[in-house]
Structure formats: structure tokens, C-alpha cells
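One structure below.
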Amino acid sequence: MAGNSQRRNRRTSNKKGAQVGSGGQRRRSLEGKGPTPPASMRKGHVKNRLANAKAKQAARRPVARRGGKGTSELVVGRNPVFEALRDGVPANTLYVQQFIDNDERVREALQLAADRGGIHLMEAPRAELDRMTNHLNHQGLVLQVPPYEYAHPEDLAAAAFDEGEDPLIVALDGVTDPRNLGAVVRSVSAFGGHGVVVPERRAAGMTAGAWKTSAGTAARTPVARATNLTRALEAYKKAGLTVVGLAADGDVEVQDLEALEGPVVIVVGSEGKGLSRLVGETCDYRVSIPMPGGAESLNAGVAAGVVLWEAARRRA
């Protein structure tokens, strides 16, 4: 009898059926798995491979870069503030001293700021204006100029090519006077150029003085800032631009340079030292400007204007 009981127990334990604690796994296995995903999401499908390739290609596209921002600037004094507002220098805040003597120049400055719009008017005690200007003679008026947003050097050539035009760019090497930078910006705008490149260090930037000298053209002519001017010029050469440096002892005179008809970068050095050694060695041509009057050199603004005129004449 004991043997028969053991056989019955073994037969009972071998019976099939739901295990204790199965949680209804057998029922869920019978349920559907939802709609079939699109082909582009099914691993191994040709459309999935194409979608992955496009995503990788988009990830490799260069991101638009900027040349960074300058620093904010303060214009102080009644006449400088009035002239900056009149000449279209960008500004975000006009500080006016409390209980200021309201003369004609102050009224004109306030009217210009109101007419332009977008300029905050702030009244401040004299002690606060003294602190802001480091005790300069502000005469009760202080204008805050926002930091300039520089382009990247590659942006200038890319914008020209996008318009179907040959780039015409001016690069400044060792030019430290903001008024010269403003004059160059004005010439580039006048002769259909595509922008100006300045080094990040030991060079003039887009200050209020540069804005004023540009006579408003800085609003439509981009200025790019290069961390290293020599490398920026080499990148231009790889992009198909000819680099032309202005030098008193140049091998060719400007009126004989056919390269000005195509994509070109005109490099202008400082009036005293000219082009630096590395920049001069990077240039494809060293070009001189004939001066029958016997002058030894021209300032950057005038020199750039002469070569830009010749380039515009050839492209007309």
C-alpha cells in the first residue's frame, strides 16, 4: 500500500498546470504587442539604416560660431553723449544726474534717446555717476554702449558665397586706432565688401569711436574677430581666397593685380610697422600703392579704400 501511495503522489506532481505565483504570465503571453513600428524604427531595416546615417550626418554639420563679444563701454560728457546718439552708436541706457542743469545739449541728448527708442533713461545721484566713470568729468550724462557681437571670420566668406559673390574682405594687422577701424568699415561698405577681420589681441575693436567713424555703416557691415590672424588667413586660402598684403616694398603695384577680380582678402598693417612677419609670409602677394607725391605711407583707412576701389572697378 505504501508503494501505491508513492506512485500516486509522483503522478500527481507531474500534472501540468499553472504554477503558484505565476501572476497570470500565460494570459499576458496571449495578448497583442501593439502596432508594428514604422520601418525607420525597426532595427536592421534599410529605412532604419538610412535614418541613422542622416542623423549622424546632421551631427557632423558645423555649428555656427561667433567671434565672441566685446566689453560694454561708457561714453561720458554732454558733447560726446550727444554725438554718439546723433551718429547712431548703439546704446542701451542713458544715465542722467539728478538735479542736472538742463541746458540745450542735455535736452537734445534726451530727445535723441527718446526718438531712437529702446534706450532706458535712468536718473542717478552724482556720487553714483562718479563711481561708474571712475571720477571722469561726466557733466551729468553717461551713455552705456552694449558689447559688440563679433562674427566669426568664416562667416564673412560663407555669406558671400551664399549670395553667389566672390568674397571681398579686409583684415587688419596691428591697427590699434578705433577710428581707423571705423574708416575701414566705411570703405568696405562703400565698395561692396563683405566684412572686416581684426585680431582678438593688440588691435582696435568696435568701440563707440569706431562706430562714429563708420558713419552708421557698421550696422550693416560685419566685423569678425580672429583668435589668431595668421591661422584665419590660412583658412581663407584653403577656402579658395587669395590673400593680398599691402606693403611699401611690394612686388606688384595694386593696379596690376588681377587677383582682385576674384575672391580676395586684403591685409592692411599698421602705419608705422606695416605687416607683421608671420602675416606677411602668409600672403600670396605683397602689393604696393604708387604714391607720386612721395609720402612714405598711408593710414589704414586710406590704404584700404584705395585697394577696395581698384577691386570694385575690376568687378564692375
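The values are calculated or read from the model by the stated rules, or taken from the named source; none is laboratory data. None of the values given here were measured: they were computed from a predicted structure. Every residue, glycine as well, gets a Cβ built from its backbone with ideal geometry; the counts of neighbours run over all protein chains shown. Just the protein is used for accessible areas: all its heavy atoms, side chains included, with ligands, DNA and RNA removed. Shrake-Rupley method; radii C 1.70, N 1.55, O 1.52, S 1.80 Å.
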Apart from one, (1) touching a Ser or Thr at 6+ places or on another chain (Cβ under 9 Å); (2) within 23 Å of Ala312 (Cα to Cα); (3) open to solvent by 20 Å² or more (accessible area, probe 1.4 Å) all hold for Val185; the odd one out is (3)
Quick one: is Ser270 among the hydroxyl-bearing types (Ser, Thr, Tyr), under 16 Å from Val170 (Cβ atoms), at pLDDT below 95 and surrounded by 13 or more Cβ atoms within 10 Å (Cβ to Cβ)?
-> yes
If a residue has to be of a type in the set (A, V, I, L, M) and open to solvent by 30 Å² or more (accessible area, probe 1.4 Å) to count, how many in the stretch 249-267 make the cut?
-> 1
Which residue pairs have Cβ atoms closer than 9 Å, lie 6 or more positions apart in sequence or on different chains, and pair a first residue in the stretch 296-316 that is loosely packed, with under 15 Cβ neighbours inside 10 Å with a second residue that is assigned to a helix (DSSP H, G or I) and small (Gly, Ala, Ser)?
-> Trp309/Ser187; Trp309/Ala190
Every residue from the stretch 93-115 that is surrounded by 13 or more Cβ atoms within 10 Å (Cβ to Cβ) and within 30 Å of Thr217 (Cα to Cα) = Thr93, Leu94, Tyr95, Val96, Arg105, Val106, Glu108, Ala109, Leu110, Leu112, Ala113
Kindly indicate whether any position in the stretch 159-175 is in contact (Cβ under 8 Å) with a residue 12 or more places away in the chain, under 13 Å from the mean Cα position of the chain (by Cα) and surrounded by fewer than 23 Cβ atoms within 10 Å (Cβ to Cβ).
-> yes
